[in-house]
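We did not get these values from a lab; they are worked out from the coordinates using the rules stated. Being a predicted model, the structure only gives us computed values, none of them experimental. Don't worry about glycine lacking a Cβ; one is built from the backbone with ideal geometry, like all the others, and counts go over all protein chains shown.
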Amino acid sequence: MRRTILSAILLLTTVLSFAQNVESALVDAVALYNNRSYNQSRTLLQTLSKAAPDNDAVQYYLGLNEAMLGNAEAAVSHLRKAVDLDPHNYWYKRRLADLYQATGEDEMTVGMLESILSEFPDKTEVSYDLLSLYLKQEKYEKALQALSDIEKITGPGEQIARTRYDIYRQLGRGEEAIGTLEAFNEQFTSPSILSMMGDYYLGEYRDSLAMACYEEALHTQSDYVPALLGKAEVYRTTRRYPEYFATVDEFIDNDMVPVETKGLYVSNIIRSLDPKLITLHQKGFDGMADHLVSRHPEDSTALSTVGGYYYATGRMDKAIGLFVKSADLYPESLPQTVTCIQALGMAERWTEVRDRSIAAFDRFQEMGFMDYLNMADYNLKDYDAVINNSRYVIARSKDNPELVKAAWSQIGDMYHIKGDTKEAYKAYDKALKIDPGYAPVLNNYAYYLSEEGKKLKKALAMSKKTVEAEPDNATYLDTYGWILHLLGRDAEAKPVFKHAMLYGGKDSAVQLDHYAEVLYALGEYDLAKVYWNQAKAKDTEGEISDLEERVEARLKAVGK
């Protein structure tokens, strides 16, 4: 008997000692986890898991460690075991739900959160998480129920009313949507809810009700911007433009509104309106734009917005004045600098483009400014400057073949303009060495050879590559068709030109003239005459110097 009692005591002592050792080791593992020593914590916990496979805390912290180490599948497995071992532990279920959500398992997340909420109905954070998931999954009826559950605990609130309104709108239940806001408004005063009501009524063309809501919101908070803009929109849609512009001025005068918000409103409203309407009320819109600048005379947003307005309405001088002012006030701003140079280029103020591009390149070291500089020098007919600029780009861009081949292409074009075809072709050859299929160079090279009547077979081979690469490019088609003509292959050239006509060729006097020459060579004199007449109508600047005399001679020779 004594032996039996003694054995039982020894067994109990061993069990208690083992349990104490497990708990002690678990405390150490948790400390390692809290110290972010996840690998060490996991190793210790894995040992404990073998010794105590039914210890829910061991499984829980193993799951947390695996999650932190990026092992989502293992983390889920351990957390599930923890939940199975202690199905009433809130934190076990909560962490498992969080892990499901982090891995995009929305259905599993919803199921776990619903399970938690059934056991812990007062956990509003769970209700909010479920609400977000229901909305994400477009389970709007469940979302409405979640809102009701939250409301029972927290009481009515503005955010609840807004969310319920949005859900009813998604469901197409407009009367219930506005009813939600109206019910809230009967109990509480909120400029936000009143403005939403105004927006709803405005969308339903109930202007008087909308205005009443906006006015009440502004009575509650005189500078509430959504209500102010809503009021302005009522005036605009009812064509009461004097009141509209006065209300927008109040908005612009509001110091609590960021200038970026003001600029966004002005630019959006101008973009959205019919240009004829802006012209009709130009004085008012000018006043709105000018008021923005007068309130923020040195702000880049205001200057750019109003500059864009005057640019869009065709008043380049005023637009450029604002862009220039903004660029000068903020010389370190790349967007302001680019906008200014682009506007000057659109106005063909090439000297200013050149000077500002040089300064901008020195300041920002962005190779894009060299393109603007080349554009300016080209239009100033300083072709040597373009060549020098392009050589500088080549020297600075040895690791950028795209820039280098484009620079050699420009050099070739400039030498051709200068009449130095030898140097032009050298430059083109260097570009093609980098990219044998570089279509812009192949096209120009081929066309210039055709103008000289030299190496036409080589020119044809180059041109063929361009139309294979871009079969709907009218310029490339024209070059290819013209070389076929020069080689006496007019029957092949005709369909090439017909295709070019479909893709923009009719907008070019040169291409129309070329097509007419091919038709003439094929004996289709009446059709050739039609295209020559179109060419003459397009050649308003005398691009084709001998067109009139040549056409007259051609047609006279065949009695046309």
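Brief remarks on what is shown
- The residue list Ala217, Leu228, Ser132 was ranked by how far each Cα lies along the charge dipole of the chain toward its positive end, using unit charges on Cβ atoms, and Ser132 comes out on top.
- Cβ crowding within 10 Å, taken as a proxy for footprinting-reagent exposure, orders Trp350, Trp482 from fewest neighbours to most as Trp350, Trp482.
- Computed about its Cα centre, the charge dipole of region 348-436 is approximately 220 debye, with only Lys, Arg, Asp and Glu carrying charge at their Cβ.
- Rg over Rh, two decimals, region 259-378 (C-alpha only, Kirkwood Rh): 1.01
- Evaluated at q = 0.19, 0.22, 0.24 Å⁻¹, the base-10 log of the normalised Debye intensity for region 204-300, with identical point scatterers placed on the Cα atoms, takes the values -0.95, -1.22, -1.37.
- Order of Met197, Met367 - criterion: other Cβ atoms within 10 Å of each residue's Cβ, fewest first: Met367, Met197
- Lys/Arg +1, Asp/Glu -1 at C-beta; the chain dipole; positive extreme among Leu322, Val467, Leu303: Val467
- Straight-line cross-link partners of Lys325 among the aspartates and glutamates, defined as a Cα under 13 Å from its Cα and at least 8 positions apart when in the same chain: Glu298, Asp299, Asp317.
- For a straight C-alpha distance cut-off of 16 angstrom, the aspartates and glutamates reachable from Lys536 (same-chain residues fewer than eight places away being disregarded) are Asp507, Asp513, Glu517, Asp526, Asp546, Glu548, Glu549, Glu552.
- Rule-of-thumb Rg ratio for region 348-436 [Cα; 2.2 N^0.38 Å; N residues]: 1.07
- Going from the fewest other Cβ atoms within 10 Å to the most, the residues Lys457, Lys81 appear in the order Lys457, Lys81.
- Only helices reaching 27 angstrom along their own axis (Cα) with mean Kyte-Doolittle hydropathy no lower than 0.5 count here, and for the DSSP H runs of the chain these are 2-34.
- Computed about the Cα centre, the dipole magnitude for the chain is approximately 1920 debye when only Lys and Arg (+1) and Asp and Glu (-1) carry charge, each at its Cβ.
- Across region 453-560, the fraction of Cα-Cα pairs farther apart than 25 Å, rounded to a whole number, is 18%.
- Shown for region 338-430: lysine pairs separated by 8 or more places, or found on different chains, whose C-alpha atoms are under 21 Å apart, numbering 11.
- Projection of the Cα convex hull of the chain, averaged over all directions and equal to a quarter of that hull's surface, yields 44.4 nm².
- Lys458-Glu548 pseudo-label distance in nm [points 7 Å out on the Cα-to-Cβ vector]: 3.9
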